[in-house]
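The values are calculated or read from the model by the stated rules, or taken from the named source; none is laboratory data. Keep in mind that what you see is a predicted model, and the values were worked out from it rather than measured. Don't worry about glycine lacking a Cβ; one is built from the backbone with ideal geometry, like all the others, and counts go over all protein chains shown. Keep in mind that these areas ignore ligands, DNA and RNA; they rest on the heavy atoms of the full protein, side chains included. Shrake-Rupley method; radii C 1.70, N 1.55, O 1.52, S 1.80 Å.
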Amino acid sequence: MPRRLVLDCDTGTDDAIAIMLACRRPELDLIGVTAVWGNHAVEHTADNSLRTLDLIGRTDIPVLAGCSGPIEPGGEEQEGSPEPDTLPIPPSTRSIESAHAVEWLIETARAATEQFTLVPTGSLSNIASAVRADPAFVEAVEEIVVMGGVVERGGALPDVETNVAYDPDAAQIVLDAGFEQFVLVTLDATYRATVTSEQCELLRNAGGVAAELAAEFIEQRIARYRLLPAMGGRAAAPVHDALTIAYLVDPTLVTLRTGRVRVETELGATRGRTDIELDPAVPTAADVQIAVDADAARFFELLLESLGGPE
Ligand code: RIB
Ligand code: CA
(Lines give C-alpha, C1' and ligand atoms only; values in the text may rest on other atoms or scores of the structure.)
(Ligands and ions follow the chains in the order given, each with its own letter.)
Protein backbone atom coordinates (compact mmCIF):
# COMPACT_ATOMS: atom_id res chain seq x y z
CA MET A 1 0.00 0.00 0.00
CA PRO A 2 1.42 3.43 -0.90
CA ARG A 3 1.93 5.86 1.97
CA ARG A 4 -0.65 8.61 2.09
CA LEU A 5 1.18 11.91 1.91
CA VAL A 6 0.34 15.58 2.41
CA LEU A 7 2.81 18.21 1.18
CA ASP A 8 2.74 21.66 2.76
CA CYS A 9 4.74 23.92 0.44
CA ASP A 10 5.76 27.48 -0.39
CA THR A 11 6.12 26.42 -3.97
CA GLY A 12 9.03 27.76 -5.91
CA THR A 13 11.41 25.60 -7.93
CA ASP A 14 12.58 23.05 -5.33
CA ASP A 15 9.08 22.56 -3.85
CA ALA A 16 7.82 21.99 -7.41
CA ILE A 17 10.43 19.26 -7.93
CA ALA A 18 9.38 17.72 -4.60
CA ILE A 19 5.74 17.72 -5.76
CA MET A 20 6.64 16.06 -9.08
CA LEU A 21 8.85 13.48 -7.37
CA ALA A 22 6.08 12.61 -4.91
CA CYS A 23 3.59 12.21 -7.79
CA ARG A 24 5.92 9.94 -9.73
CA ARG A 25 6.68 7.45 -6.94
CA PRO A 26 4.45 4.39 -6.60
CA GLU A 27 5.34 4.14 -2.89
CA LEU A 28 3.57 7.46 -2.26
CA ASP A 29 -0.03 8.59 -2.60
CA LEU A 30 -0.13 12.39 -2.58
CA ILE A 31 -3.59 13.21 -1.22
CA GLY A 32 -3.27 16.98 -1.08
CA VAL A 33 -0.99 19.98 -1.33
CA THR A 34 -1.44 22.76 1.19
CA ALA A 35 0.18 26.05 0.31
CA VAL A 36 1.77 28.39 2.82
CA TRP A 37 3.52 31.73 2.66
CA GLY A 38 7.29 31.71 2.72
CA ASN A 39 9.55 32.36 -0.20
CA HIS A 40 6.52 33.87 -1.95
CA ALA A 41 3.06 35.09 -0.94
CA VAL A 42 0.56 32.28 -0.41
CA GLU A 43 -1.45 33.28 -3.52
CA HIS A 44 1.64 32.52 -5.58
CA THR A 45 2.64 29.35 -3.76
CA ALA A 46 -0.89 27.96 -4.20
CA ASP A 47 -0.98 28.96 -7.87
CA ASN A 48 2.50 27.49 -8.47
CA SER A 49 1.43 24.23 -6.84
CA LEU A 50 -1.62 24.01 -9.11
CA ARG A 51 0.44 24.77 -12.21
CA THR A 52 2.97 22.08 -11.32
CA LEU A 53 0.36 19.41 -10.68
CA ASP A 54 -1.61 20.25 -13.81
CA LEU A 55 1.47 20.19 -16.02
CA ILE A 56 2.15 16.58 -15.06
CA GLY A 57 -1.50 15.61 -15.41
CA ARG A 58 -2.35 15.37 -11.69
CA THR A 59 -5.47 17.53 -11.72
CA ASP A 60 -6.97 15.06 -9.23
CA ILE A 61 -4.82 16.36 -6.36
CA PRO A 62 -6.44 19.24 -4.43
CA VAL A 63 -4.52 22.41 -3.59
CA LEU A 64 -5.52 24.55 -0.62
CA ALA A 65 -4.21 27.96 0.37
CA GLY A 66 -3.25 28.55 3.99
CA CYS A 67 -1.49 31.12 6.15
CA SER A 68 -0.32 34.35 4.58
CA GLY A 69 2.05 35.33 7.40
CA PRO A 70 3.56 34.23 10.73
CA ILE A 71 1.36 32.99 13.54
CA GLU A 72 2.51 35.78 15.88
CA PRO A 73 2.92 39.39 14.84
CA GLY A 74 6.35 40.94 15.20
CA GLY A 75 9.75 39.75 14.17
CA GLU A 76 11.77 41.10 11.33
CA GLU A 77 10.64 40.57 7.81
CA GLN A 78 12.80 38.10 5.97
CA GLU A 79 13.85 38.65 2.41
CA GLY A 80 11.78 36.71 -0.08
CA SER A 81 13.16 34.44 -2.74
CA PRO A 82 15.21 35.83 -5.63
CA GLU A 83 13.10 33.61 -7.90
CA PRO A 84 10.15 35.19 -9.78
CA ASP A 85 6.85 34.74 -7.89
CA THR A 86 5.26 32.75 -10.69
CA LEU A 87 6.86 29.61 -12.04
CA PRO A 88 7.28 29.53 -15.84
CA ILE A 89 4.53 26.94 -16.29
CA PRO A 90 1.20 27.50 -18.10
CA PRO A 91 -1.63 28.67 -15.81
CA SER A 92 -3.88 26.04 -14.33
CA THR A 93 -7.42 25.69 -15.63
CA ARG A 94 -8.77 24.77 -12.19
CA SER A 95 -9.05 26.71 -8.94
CA ILE A 96 -7.71 26.22 -5.49
CA GLU A 97 -10.20 24.58 -3.11
CA SER A 98 -12.43 26.92 -1.14
CA ALA A 99 -11.47 25.58 2.32
CA HIS A 100 -8.54 27.11 4.18
CA ALA A 101 -5.53 24.79 4.24
CA VAL A 102 -5.48 24.66 8.05
CA GLU A 103 -9.15 23.64 8.20
CA TRP A 104 -8.51 21.01 5.54
CA LEU A 105 -5.50 19.63 7.45
CA ILE A 106 -7.55 19.33 10.63
CA GLU A 107 -10.53 17.78 8.83
CA THR A 108 -8.29 15.34 6.95
CA ALA A 109 -6.71 14.29 10.25
CA ARG A 110 -10.09 13.87 11.96
CA ALA A 111 -11.53 11.85 9.08
CA ALA A 112 -8.44 9.66 8.67
CA THR A 113 -8.96 5.96 9.22
CA GLU A 114 -5.24 5.47 8.70
CA GLN A 115 -2.37 7.78 9.47
CA PHE A 116 -0.69 9.89 6.82
CA THR A 117 2.78 11.33 6.32
CA LEU A 118 3.24 15.08 6.44
CA VAL A 119 6.03 16.91 4.63
CA PRO A 120 6.31 20.67 5.26
CA THR A 121 8.75 22.40 2.91
CA GLY A 122 7.85 26.04 3.60
CA SER A 123 7.30 28.15 6.69
CA LEU A 124 5.71 26.16 9.51
CA SER A 125 2.73 28.52 9.94
CA ASN A 126 0.06 26.14 8.59
CA ILE A 127 1.21 23.16 10.62
CA ALA A 128 1.59 25.16 13.85
CA SER A 129 -1.90 26.60 13.33
CA ALA A 130 -3.33 23.11 12.88
CA VAL A 131 -1.60 21.87 16.03
CA ARG A 132 -2.77 24.88 18.02
CA ALA A 133 -6.36 24.54 16.86
CA ASP A 134 -6.43 20.79 17.45
CA PRO A 135 -3.60 19.19 19.45
CA ALA A 136 -4.98 15.75 18.47
CA PHE A 137 -3.91 16.55 14.89
CA VAL A 138 -0.50 14.96 15.60
CA GLU A 139 -2.11 11.57 16.22
CA ALA A 140 -3.14 11.25 12.58
CA VAL A 141 0.43 11.80 11.42
CA GLU A 142 2.59 8.71 11.09
CA GLU A 143 5.74 10.70 10.36
CA ILE A 144 6.51 14.37 9.78
CA VAL A 145 9.50 15.21 7.60
CA VAL A 146 10.35 18.90 7.74
CA MET A 147 12.81 20.62 5.44
CA GLY A 148 14.31 23.11 7.82
CA GLY A 149 17.11 24.22 10.10
CA VAL A 150 20.86 24.11 10.03
CA VAL A 151 23.24 22.33 12.40
CA GLU A 152 26.70 23.68 11.58
CA ARG A 153 27.04 27.40 11.91
CA GLY A 154 30.06 29.55 11.21
CA GLY A 155 31.13 27.65 8.10
CA ALA A 156 29.96 27.99 4.52
CA LEU A 157 26.27 27.32 5.26
CA PRO A 158 23.83 30.12 6.08
CA ASP A 159 23.39 30.78 9.82
CA VAL A 160 19.63 30.55 9.52
CA GLU A 161 17.44 28.42 7.31
CA THR A 162 14.50 30.29 5.82
CA ASN A 163 11.65 27.82 6.47
CA VAL A 164 12.39 28.14 10.19
CA ALA A 165 13.35 31.82 10.07
CA TYR A 166 10.14 32.94 8.34
CA ASP A 167 8.13 31.82 11.35
CA PRO A 168 10.37 30.72 14.25
CA ASP A 169 7.48 30.58 16.75
CA ALA A 170 5.62 28.21 14.47
CA ALA A 171 8.70 26.03 14.03
CA GLN A 172 9.09 25.68 17.80
CA ILE A 173 5.40 24.80 18.21
CA VAL A 174 5.71 22.08 15.58
CA LEU A 175 8.86 20.70 17.23
CA ASP A 176 7.11 20.62 20.61
CA ALA A 177 3.81 19.20 19.34
CA GLY A 178 4.59 15.55 20.08
CA PHE A 179 4.66 14.05 16.59
CA GLU A 180 5.48 10.36 16.90
CA GLN A 181 8.25 10.33 14.29
CA PHE A 182 9.94 13.60 13.44
CA VAL A 183 12.69 14.02 10.85
CA LEU A 184 14.33 17.39 10.24
CA VAL A 185 16.09 17.55 6.88
CA THR A 186 18.61 20.33 7.47
CA LEU A 187 20.70 22.43 5.13
CA ASP A 188 23.66 20.30 6.26
CA ALA A 189 22.08 17.39 4.37
CA THR A 190 20.64 19.31 1.43
CA TYR A 191 23.94 21.03 0.64
CA ARG A 192 25.54 17.57 0.47
CA ALA A 193 23.01 16.45 -2.13
CA THR A 194 23.74 18.99 -4.83
CA VAL A 195 22.95 18.44 -8.50
CA THR A 196 25.45 19.54 -11.16
CA SER A 197 25.02 21.05 -14.62
CA GLU A 198 26.15 17.78 -16.22
CA GLN A 199 23.47 15.92 -14.29
CA CYS A 200 20.87 18.44 -15.47
CA GLU A 201 21.80 17.50 -19.00
CA LEU A 202 21.20 13.81 -18.19
CA LEU A 203 17.86 14.71 -16.66
CA ARG A 204 16.84 16.74 -19.71
CA ASN A 205 17.84 13.88 -22.01
CA ALA A 206 15.72 11.46 -19.99
CA GLY A 207 12.72 13.12 -21.66
CA GLY A 208 9.22 13.78 -20.37
CA VAL A 209 7.74 16.95 -19.01
CA ALA A 210 8.69 16.35 -15.36
CA ALA A 211 12.37 15.68 -16.11
CA GLU A 212 12.60 18.61 -18.51
CA LEU A 213 11.02 21.00 -16.04
CA ALA A 214 13.21 19.75 -13.19
CA ALA A 215 16.32 20.17 -15.36
CA GLU A 216 15.30 23.72 -16.25
CA PHE A 217 14.61 24.61 -12.63
CA ILE A 218 17.85 23.13 -11.35
CA GLU A 219 19.82 25.00 -14.05
CA GLN A 220 18.19 28.22 -12.82
CA ARG A 221 19.14 27.33 -9.26
CA ILE A 222 22.74 26.59 -10.27
CA ALA A 223 23.06 30.05 -11.85
CA ARG A 224 22.37 31.53 -8.40
CA TYR A 225 23.96 28.99 -6.07
CA ARG A 226 27.28 28.69 -7.90
CA LEU A 227 28.12 32.19 -6.67
CA LEU A 228 27.75 31.15 -3.01
CA PRO A 229 30.77 30.18 -0.89
CA ALA A 230 29.05 26.90 0.04
CA MET A 231 29.35 25.71 -3.57
CA GLY A 232 33.13 26.30 -3.67
CA GLY A 233 32.95 27.44 -7.30
CA ARG A 234 31.17 24.29 -8.50
CA ALA A 235 28.34 24.54 -11.02
CA ALA A 236 25.88 22.79 -8.73
CA ALA A 237 22.93 23.54 -6.47
CA PRO A 238 20.93 21.93 -3.68
CA VAL A 239 17.32 20.97 -4.40
CA HIS A 240 16.40 21.18 -0.70
CA ASP A 241 12.75 20.14 -0.69
CA ALA A 242 13.12 17.18 -3.02
CA LEU A 243 15.44 15.52 -0.50
CA THR A 244 12.51 15.08 1.91
CA ILE A 245 10.68 12.96 -0.68
CA ALA A 246 13.85 11.06 -1.55
CA TYR A 247 14.19 10.24 2.15
CA LEU A 248 10.64 8.83 2.21
CA VAL A 249 11.37 6.65 -0.80
CA ASP A 250 14.75 5.49 0.49
CA PRO A 251 15.61 6.49 4.08
CA THR A 252 19.19 5.23 3.62
CA LEU A 253 19.86 8.17 1.29
CA VAL A 254 20.36 10.42 4.31
CA THR A 255 22.37 10.09 7.50
CA LEU A 256 20.18 10.53 10.56
CA ARG A 257 21.33 11.41 14.06
CA THR A 258 19.27 11.95 17.16
CA GLY A 259 19.09 15.61 18.10
CA ARG A 260 17.49 18.13 20.41
CA VAL A 261 16.41 21.31 18.70
CA ARG A 262 15.69 24.72 20.12
CA VAL A 263 14.61 27.49 17.79
CA GLU A 264 15.80 30.96 18.74
CA THR A 265 12.51 32.85 18.88
CA GLU A 266 13.70 35.92 20.79
CA LEU A 267 13.58 39.12 18.75
CA GLY A 268 17.02 40.14 17.52
CA ALA A 269 19.79 39.17 15.16
CA THR A 270 19.78 35.48 16.05
CA ARG A 271 16.00 34.94 15.68
CA GLY A 272 15.30 31.89 13.57
CA ARG A 273 18.52 30.04 14.33
CA THR A 274 18.25 26.38 15.24
CA ASP A 275 20.40 25.32 18.18
CA ILE A 276 20.82 21.61 17.69
CA GLU A 277 22.48 19.27 20.15
CA LEU A 278 23.33 16.06 18.38
CA ASP A 279 23.35 12.69 20.19
CA PRO A 280 22.24 14.05 23.58
CA ALA A 281 23.67 12.03 26.48
CA VAL A 282 20.27 11.48 28.05
CA PRO A 283 17.64 11.03 25.29
CA THR A 284 14.13 12.34 25.87
CA ALA A 285 10.83 11.93 24.01
CA ALA A 286 11.27 15.46 22.66
CA ASP A 287 14.32 14.49 20.61
CA VAL A 288 13.95 14.23 16.85
CA GLN A 289 15.90 12.71 13.99
CA ILE A 290 18.20 15.12 12.21
CA ALA A 291 19.37 14.51 8.64
CA VAL A 292 22.96 15.75 8.67
CA ASP A 293 24.32 14.26 5.46
CA ALA A 294 23.06 12.77 2.20
CA ASP A 295 24.32 10.63 -0.66
CA ALA A 296 24.40 13.00 -3.64
CA ALA A 297 24.93 10.32 -6.30
CA ARG A 298 22.02 8.18 -5.13
CA PHE A 299 19.79 11.23 -4.72
CA PHE A 300 20.41 12.15 -8.34
CA GLU A 301 19.83 8.55 -9.51
CA LEU A 302 16.47 8.66 -7.77
CA LEU A 303 15.55 11.97 -9.43
CA LEU A 304 16.57 10.61 -12.83
CA GLU A 305 14.76 7.29 -12.57
CA SER A 306 11.62 8.89 -11.09
CA LEU A 307 11.19 12.00 -13.20
CA GLY A 308 12.37 10.74 -16.59
CA GLY A 309 10.01 9.33 -19.22
CA PRO A 310 6.38 9.88 -20.20
CA GLU A 311 3.59 10.63 -17.71
O1 RIB B 1 16.05 26.96 3.03
C2 RIB B 1 15.54 26.23 1.96
C3 RIB B 1 14.04 26.25 1.94
O4 RIB B 1 13.55 27.59 1.77
C5 RIB B 1 13.41 25.46 0.82
O6 RIB B 1 12.25 24.86 1.30
C7 RIB B 1 13.08 26.52 -0.19
O8 RIB B 1 12.08 26.11 -1.08
C9 RIB B 1 12.65 27.64 0.67
O10 RIB B 1 11.33 27.45 1.10
CA1 CA C 1 10.18 25.40 0.07
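Output the antiparallel fraction of DSSP beta bridges having both residues in the range 162-311, as a percent to the nearest 5.
Values: 14 of 17 bridges.
The answer is about 80 percent antiparallel.
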Quiz item: If you roll a 1.4 Å probe over the range 180-284 with all protein chains in place, what percent of the accessible area is carbon or sulfur?
Solution: 51
Quiz item: With the chain treated as a Gaussian network of Cα nodes joined by springs under 10 Å, which of 125, 92, 81 yields the largest mean-square fluctuation?
Solution: 81
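Would you mind calculating the relative contact order of the range 226-311 from Cα pairs under 8 angstrom and at least 6 residues apart, reporting the percent as a whole number?
Dividing the mean separation by the residue count of the range 226-311 yields 27 percent.
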Quiz prompt | Under the Debye formula (equal points on every Cα, no solvent term), log10 I(q)/I(0) of the range 174-260 at q = 0.12 Å⁻¹ | solution = -0.44
Self-check item: Assigned charges on the beta-carbon of Lys, Arg, Asp, Glu; the chain dipole about Cα centre (debye)
Solution: 480
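State to the nearest 20 debye the size of the charge dipole of the range 39-181 about its Cα centre, where the only charges are +1 on K and R beta carbons and -1 on D and E beta carbons.
Charge dipole of the range 39-181: 340 debye, to the nearest 20.
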Self-check item: Residue-wise HN-Hα coupling along the range 71-87, computed from phi with Karplus coefficients 6.51, -1.76, 1.60 (Hz; x: Gly, Pro)
Solution: 6, 10, x, x, x, 7, 5, 8, 5, x, 6, x, 6, x, 5, 10, 5
Quiz prompt | Solvent-accessible area, 1.4 Å probe, carbon plus sulfur percent, for the range 23-65 | solution = 50
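Rounded, prolate or oblate, given the Cα gyration tensor of the range 1-119, with a/c below 1.5 counting as rounded?
Oblate, since a/c reaches 1.5 and b/c is not below a/b.
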Exercise. Order the peptides 280-290, 174-184 from the highest to the lowest mean number of other Cβ atoms within 10 Å of their residues.
Key: 174-184, 280-290
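What relative contact order, as a whole-number percentage, does the chain give when Cα pairs under 8 Å and 6 or more residues apart are counted? It would help to have the intermediate numbers written out before the result.
Numbers: 696 pairs, mean separation 59.3, N = 311.
That works out to 19 percent.
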Self-check item: Three-way shape label, the range 152-311, alpha-carbon gyration tensor, a/c 1.5
Solution: prolate
Quiz item: Heavy-atom accessible area per residue, the chain, 1.4 Å probe: how many Å²?
Solution: 40
Quiz item: For the chain, modelled as a Gaussian network with Cα springs under 10 Å, which listed residue fluctuates most, 73, 229, 91?
Solution: 73
Self-check item: Whole-angstrom gap from the range 228-258 to the range 1-60, using each part's C-alpha centre
Solution: 18
Practice problem: Please figure out what share of the DSSP beta bridges in the chain is antiparallel and state it in percent, rounded to the nearest 5. | Solution: 35
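If you take the square roots of the eigenvalues of the alpha-carbon gyration tensor of the chain and sort them as a ≥ b ≥ c, do you get rounded (a/c under 1.5), prolate (a/b over b/c) or oblate? Intermediate results must be reported in sequence, preceding the final value.
Details: a/c = 1.36, a/b = 1.10, b/c = 1.23.
Note, shape of the chain comes out rounded.
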Quiz item: For the chain, modelled as a GNM with alpha-carbon contacts under 10 angstrom, which of 172, 78, 199 fluctuates the most?
Solution: 78
